[in-house]
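Worksheet: the structure to be examined is printed underneath.
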Amino acid sequence: MKRWDKTLLMIYQVIVANIYQLIVGILLVLAMFFTCYIDIDEKTYFVVDSAGKNIISLILLMIVLCLLSRSTRIQEFCSKIESDGRLFRKCRRILLFTIFGISVFWLLATQYTPGSDQVTLQNAVSYLRDQDYSLFAIDGYLSENVHQLGYVWICYMLSFIIGSQNYVALQLLNAAGIVLFYSSLVSIGAHMKMSRVQQLAILCAGIFFFPLLMYSSFIYGNICGLAFSVAAIRKELDFFEKRKKTDLILAAASMTLAIIFKSNSLIFMIAMIILAIAESIHKRRILFLVIPVLLIVGFLIESNGIRTYFEKVSNTTLNGSSYWGYVAMGLQRAENKAPGWYNGYVYDSYVASGYNKEVQESMAKEEVRGLLKEFIMHPGDASVFFFEKTASEWNNPTFQCYNIIQWRDSRIERSDWALKFVSANGADTGTKYLDIIQFFLLTGAFFYCMLFWKERSFFVSLGLIIAFIGGFLFHLFWEAKGQYTLPYFSLLMPYAVAAYSKITALLGMVLKKQNGAGRILMKYMRQSIVLIPSLLVILICCGILFTGGRSKGLIKDTDIYYQYLEEQRE
């Protein structure tokens with residue numbers, strides 16, 4: 001490899017690692033000192049958290065991990081898993097089946113019916129079957145929300161097999177999507193040179209961190225969009241390694257399906273393109289550039305083909321509302337909600353424009369310019385806005401998994417445990433538990449780059465990292481919701497598992513007073529020098545947050561929230 005190749009790739013890795021470290025570091029600080037709760041009305045409560053509790057919990061976790069690593073029986077079992085491929089595959093199947101079983105049990109025990117946009121999309125399928133195209137009229141839902149056409153088309157095609165309004169079948173499809181996601185995550189872990197035990201630990205983390213499992217009842221395209229996106233990255237990595245045409249085709253097909261299910265999956269597509277370009281430079285193989293070409297072709301076919309199909313059957317022209325409306329709304333404050341959350345601006349501006357996309361886009365851009373000007377003129381207010389917005393969508397450890405079902409009806413008379421589990425007090429208990437798990441995952445993910453910067457597997461691991469960065473930056477300005485950020489947060493599990501494994505091994509060396517432990521610690525400290533820029537920016541952000549009273553906004557609802565809980569108990 002030529003010197004310029006190495007230099008370019010080094011710059012690429014340093015930039016990505018520092019951006020990742022900066023984002024995870026900020027989220028870790030927020031998780032340590034603050035927590036966000038959310039009620040049935042989608043109101044976010046900014047509540048103080050206990051840093052002492054989080055640190056003590058982390059210490060206890062490390063003690064447990066160290067004890068497990070020193071157990072003779074555990075060591076023997078782990079050795080068998082590493083040496084016996086059949087045993088590893090059996091354990092993987094058991095854990096994947098457990099994930100699927102929990103999801104299916106949740107679906108059957110609750111049987112929630114869809115609401116809001118979910119029910120509108122399912123009604124659209126029924127209307128299409130009846131050749132009723134009212135939702136495609138200029139003031140119709142699908143005329144405005146053309147980004148939903150892909151999911152409607154999927155459900156419409158499935159309706160010829162399972163019928164329309166078949167909520168259970170669609171929820172089971174979500175459960176299968178969750179299994180595909182975790183299966184793909186494990187395979188990506190193998191590409192990252194994670195041990196078989198570490199790969200199984202990813203699945204265990206997916207069981208302990210349960211918001212994604214609860215989302216199996218959410219009839220929307222987010223779960224399958226995430227599943228096919230991660231499956232596409234998995235197949236891309238397979239293609240890099242084996243250069244099989246089937247992997248190339250499956251990677252492009254999976255990504256196209258992901259975008260059909262959820263248009264925001266474009267973030268993963270961009271990550272795949274960046275990964276392919278970097279890999280082509282790294283391996284000096286122009287063949288890898290076929291991936292971006294196929295991805296772009298698949299995207300064009302999806303975006304134009306489905307819209308053209310619906311335009312022909314409905315005999316209408318579908319332009320949709322401007323995406324700039326979501327950016328404008330993401331920079332506004334919402335009444336009784338956190339900053340950047342839905343406030344009706346997209347719909348209201350679309351109606352005010354006379355259902356004209358170009359006019360609405362002009363209005364939204366003007367609104368964005370005005371808001372950015374205000375932020376520049378009042379940087380203190382801007383920092384408060386973005387800290388609160390970021391906390392509301394990333395530091396709510398449930399990621400709305402309770403909120404999305406608390407107000408929905410059920411087809412059955414639910415059991416007492418199910419009603420208690422989703423009640424306000426049940427959600428409070430769940431949030432407190434997930435708050436600790438979230439802190440564990442962020443802590444592990446934070447140390448990943450420091451520990452693996454010089455590993456050969458680090459280059460391969462950047463695919464999911466780029467997708468995570470893209471999701472964070474996108475929702476920094478886009479409409480905020482916890483359900484939107486959950487897919488990207490879930491990508492951190494392999495990095496957290498890998499980091500804890502290495503930290504546990506290092507602590508074991510220190511406790512056994514083995515020679516070389518100090519030398520290894522110094523090695524990790526030296527290789528962390530490349531992350532100094534991000535660490536300095538994290539310190540600056542902490543200085544901004546904890547001075548001038550800005551952090552008060554992140555604890556302002558503490559008393560109000562506990563008063564709300566007391567009212568719910570009455």
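In whole Å, what is the distance between the alpha-carbon centres of segment 239-294 and segment 142-166?
Taking the Cα centre of each part, segment 239-294 and segment 142-166 sit 26 Å apart.
Quick one: ranking His282, His475 by accessible area, 1.4 Å probe, largest first, what do you get?
From most exposed to least exposed: His282, His475.
In whole angstrom, note down how far apart the Cα centers of segment 35-114 and segment 467-500 are.
What the calculation gives is 18 Å, centre to centre.
Only Cα pairs under 8 Å and at least 6 apart count here; give the relative contact order of segment 351-451 as a rounded whole percent.
Computed over segment 351-451, the figure is 21 percent.
Rounded, prolate or oblate: which one fits segment 21-180, using the alpha carbon gyration tensor with axes a ≥ b ≥ c (rounded when a/c is under 1.5, else prolate when a/b beats b/c, else oblate)?
Note, shape of segment 21-180 comes out oblate.
Report Tyr309's accessible area, 1.4 Å probe, all protein chains in place, as a number in Å² to the nearest 10.
Number for this one is 80 Å².
Give the peptides 108-115, 238-245 in descending order of average Cβ contacts within 10 Å, highest first.
108-115, 238-245
Considering all alpha-carbon pairs of the chain, what whole percent are spaced by more than 48 angstrom?
Roughly 10 percent, rounded to a whole number.
So for Glu393, Glu374, what's the accessible-area order with a 1.4 Å probe, most first?
Glu374, Glu393
Not counting ligands, DNA or RNA, and with a 1.4 Å probe, what is Tyr156's accessible surface area in Å² rounded to the nearest 10?
Near enough 30 Å² of accessible area.
Looking at the square roots a ≥ b ≥ c of the eigenvalues of the Cα gyration tensor of segment 195-350, which shape do they give, rounded for a/c under 1.5, prolate if a/b is larger than b/c, or oblate?
Oblate shape, in that a/c is at least 1.5 and b/c is the bigger or equal ratio.
Could you list, in their original order, any pairs among Lys193/Lys389; Lys90/Lys420; Lys80/Lys513; Lys43/Lys420; Lys244/Lys283 whose Cα atoms are separated by more than 24 Å?
Going by Cα-Cα distance, Lys193/Lys389; Lys90/Lys420; Lys80/Lys513 fall outside the 24 Å limit.
Which one of Leu200, Ser79, Leu8 is farthest out on the positive end of the charge dipole of the chain, using unit charges on Cβ (Lys, Arg +1; Asp, Glu -1) and the Cα centre as origin?
Ser79
Which net charge results for the neighbourhood of Leu372, defined as the other residues with beta-carbon distances under 12 angstrom from its beta-carbon, given Lys and Arg at +1 and Asp and Glu at -1?
Overall, the nearby charge balance is 0.
Tyr323 versus Lys90, label points 7 Å from Cα toward the beta carbon: distance in nm?
My value for the distance between the label points is 4.9 nm.
Report the gain in length on full extension from Leu372 to Leu539: 0.36 nm times residue separation, minus Cα-Cα distance, nm rounded to one decimal.
Full extension from Leu372 to Leu539 adds 57.7 nm.
Calculate for the chain the 222 nm mean residue ellipticity that helices alone would give, adding -39,500 (n - 2.57) per DSSP H run of length 4 or more and normalising by residue count, nearest 500 deg cm²/dmol.
When only DSSP H runs of four or more count, the value is -24500 deg cm²/dmol.
Given Cα pairs under 8 Å that are at least 6 residues apart, what percent is the relative contact order of the chain?
Over the chain, the number comes to 25 percent.
With a 1.4 Å probe and every protein chain left in place, tell me how much accessible area Val537 has, in Å² to the nearest 10.
Result for Val537: roughly 60 Å² accessible.
The values are calculated or read from the model by the stated rules, or taken from the named source; none is laboratory data. All values derive from a computational prediction rather than experimental measurement. Positions of Cβ are generated from backbone atoms using ideal geometry, with glycine treated the same way; all protein chains shown enter the neighbour counts. In case anyone asks, the SASA skips ligands and DNA or RNA and just uses the protein heavy atoms, side chains included. Shrake-Rupley method; radii C 1.70, N 1.55, O 1.52, S 1.80 Å.
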